[in-house]
Amino acid sequence: MIFSRANFRRISTLKQIMEAKIAESRQRLTKLKKDHGNVPIDQVTIDQVVRGMRGMKALLTETSRLDPFKGITFRGLSIPECQQRLHGKYREPMPESMYWLLLTGEVPTFDQVEELRGELAKRSQIPAHTLDLLNSLPKHMHPMTQLSMGVLSLGAESEFMKAYDAGVKKSEYWISTLEDSLSLVAKLPGMAAIIYNNVYKDGKTCDPSIKYDLSENFGRMLGFSDNNFFELMRLYLTIHCDHEGGNVSSHTTHLVGSALSDVYKAYSAGLNGLAGPLHGLANQECLKWLLELWKVVGDNAEEDSIAVYVKETLKNGKVVPGYGHAVLRVTDPRFLVQMEFAKKSIDDCPLCKIVALCYKVIPRVLKEHGKAQNPYPNVDAHSGALLYYYGLREFEFYTVLFGVSRALGCTASTIWDRALMLPIERPASMTMEGLEEFAAKE
Ligand code: CMX
């Protein structure tokens, strides 16, 4: 036995449910490969090859599905449905319930959520070498770089690598990957809080408590005590968790994991992609941009003054952060649910009012500008304003929150990649000459 029986007993229900689901999914995949392996799904165009593989259907991802017009569904559930069915005893959906849903495809019972919550709380202790590493990093190093390094360092304890070295069968790779994933998800809030307190506060981080759920523990470790902030964390950590397989962070994690690197290495790479300004870092960029806009237009902003500012941004050759999307062609439901949260819980947030005004103005200006395929807001257009309202104002830290959440989807997918025994990813590339030859044949 590679890992302790005690651990297995604790996650037995989760593991048993997954075992049954995996057996069924393996059969379905075998049948698909055998009977329908040659069925074409799509035709790849030269445009797709040179435009970042936009819309090319080339990945198998079970955890979520993104429809350009309906937005994200997690194992078939829309965001409003997740709000109704995953909240446990709280107002907003719990990331623990979401993780169960992503892993098993089932909405958990109250007891199952409790089991997973307790399991994650027990695994939350951060190893001494990772603590030493995080405490040694310079304050001016971007928090995302610190998080990625911290995650990579957890790999020293990888159960998958121990199992692999011991020669465990390929059909069982998913079991030790589940072990690693639970440990990673459990430790991420504490690591993020240590980075936050080291960089922006006095370097002291309280311990998580078995009494609280992951979101309240996270909020408390960041130094907050407001229940509404904990509810915001529940919503935030749930809605950012997954966005099908093609986005940069999920795809990178999948690609690196497909070489059988452990989940720490794979997700550390995914975090580096999330740290790009066109992807997860857009939330930091968006708040920076909103604060500058606020300074110019003031508390009593009007649509016209916002339009002038947006046009100036575009004239300077910059993108309007928080707007546009590679897949979505409507307003991101993750934006709408945050706007709802602001309406429900906050009545005195000038920045949220500016976000709402921007929503009226920016799509019109982007349409007139005529470049963006999707002129509507994405998830990042609102998150910063809510965090700012509650006092989390260090916006270079915002992508770290995204990283704590995205681990749910990326690790669940890596476990399923191993459960379905997907091969190493190896598409083919083309030279310009090769593309020209194809074009000449047409
Ligand atoms: N402001 C100005 N121009 C924009 C724009 C925006 N918000 N969104 C797209 N465009 C431009 C693109 O830069 C591109 O211009 P070029 O032809 O000069 O290169 C053109 O419109 C067409 O782009 P697109 O097909 O609509 O969008 P892409 O799929 O290439 O890119 C995205 C998608 C998200 C990178 C882009 O919309 C963008 O840069 N948005 C701002 C950054 C942002 O909010 N990112 C967060 C996305 C959510 C996430 O991944 O977390």
Exercise. By average Cβ neighbour count within 10 Å, what is the ranking of 319-332, 87-100 from highest down?
Worked result: 87-100, 319-332
Exercise. Taking amide hydrogens as modeled 1.01 Å from N in the peptide plane, which residues meet the under 5 Å criterion relative to residue 77, leaving out close sequence neighbours?
Worked result: none
For this session: Mind checking the full-extension length gain between residue 23 and residue 162? Use 0.36 nm per residue of separation minus the Cα-Cα distance, one decimal, nm.
Result: 47.6 nm
Seminar exercise, completed: the stretch 162-240: spread of alpha-carbon positions along the three principal axes, whole Å, largest first, is 48, 26, 24
Seminar exercise, completed: Expressed in nanometres to one decimal, the distance between label points 7 Å along Cα→Cβ at residue 171 and residue 54 is 4.4
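Mind putting a number on the dipole of the stretch 9-66 about its Cα centre? Charges go on the C-beta only, +1 for Lys and Arg and -1 for Asp and Glu, and I need it in Debye to the nearest 20. Spell out each step's value before the answer.
Values: 13 positive and 6 negative charges, 68 e Å.
In debye, rounded to 20, the stretch 9-66 gives about 320.
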Seminar exercise, completed: Per the rule of 0.36 nm per residue minus the C-alpha distance, extending residue 442 to residue 315 adds in nm 41.9 nm
Exercise. Can you list the HN-Hα couplings for the stretch 419-425, worked out from phi with the Karplus curve (6.51, -1.76, 1.60; θ = phi - 60°), rounded to whole Hz and with x for Gly and Pro?
Worked result: 4, 8, 6, 5, x, 4, 7
For this session: Measure off 7 Å from each Cα along the Cα-to-Cβ vector at residue 330 and residue 212, then give the distance between these two points in nanometres to one decimal.
Result: 3.7
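Between residue 425 and residue 70, what is 0.36 nm times their sequence separation minus the Cα-Cα distance? Round to one decimal in nm.
Numbers: separation 355, 0.36 × 355 = 127.80 nm, distance 2.89 nm.
Result for the pair: 124.9 nm of gain on full extension.
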For this session: In whole Hz, with x marking every Gly and Pro, tabulate ³J(HN,Hα) for the stretch 379-394 from phi via Karplus 6.51 cos²θ - 1.76 cosθ + 1.60, θ = phi - 60°.
Result: 3, 6, 5, 10, 4, x, 5, 5, 5, 4, 4, 7, x, 8, 10, 8
Problem set entry | Probe 1.4 Å - accessible area at residue 149, Å² to nearest ten | 70
For this session: Determine, from the Cβ-Cβ distance of residue 46 and residue 114 and an R0 of 45 Å, the FRET efficiency 1/(1 + (r/R0)^6), rounded to the nearest 0.05.
Result: 0.25
Exercise. Which Cys residues of the chain have no other Cys Cβ less than 4.7 Å away and so no disulfide-compatible partner by this rule?
Worked result: 82, 206, 241, 286, 358, 410
Seminar exercise, completed: Note to self: C-alpha centroids of the stretch 96-144 and the stretch 282-300 sit apart, in Å, by 32
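Quick one: grab the alpha carbon gyration tensor of the stretch 298-442, order the square roots of its eigenvalues as a ≥ b ≥ c, and give me rounded if a/c is under 1.5, else prolate or oblate depending on whether a/b is larger than b/c.
Numbers: a/c = 2.81, a/b = 1.38, b/c = 2.04.
Judged from the Cα gyration tensor, the stretch 298-442 comes out oblate (a/c at least 1.5, b/c at or above a/b).
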Exercise. Hey, any idea what % of the chain's accessible area is carbon plus sulfur with a 1.4 Å probe?
Worked result: 53
Seminar exercise, completed: With Cα springs under 10 Å, the Gaussian network model of the chain assigns the largest mean-square fluctuation among 431, 313, 73 to 431
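The values are calculated or read from the model by the stated rules, or taken from the named source; none is laboratory data. Note that the structure is predicted; figures quoted are calculated from it, not measured. Positions of Cβ are generated from backbone atoms using ideal geometry, with glycine treated the same way; all protein chains shown enter the neighbour counts. For accessibility, only protein heavy atoms count, side chains too; no ligands or nucleic acids. Shrake-Rupley method; radii C 1.70, N 1.55, O 1.52, S 1.80 Å.
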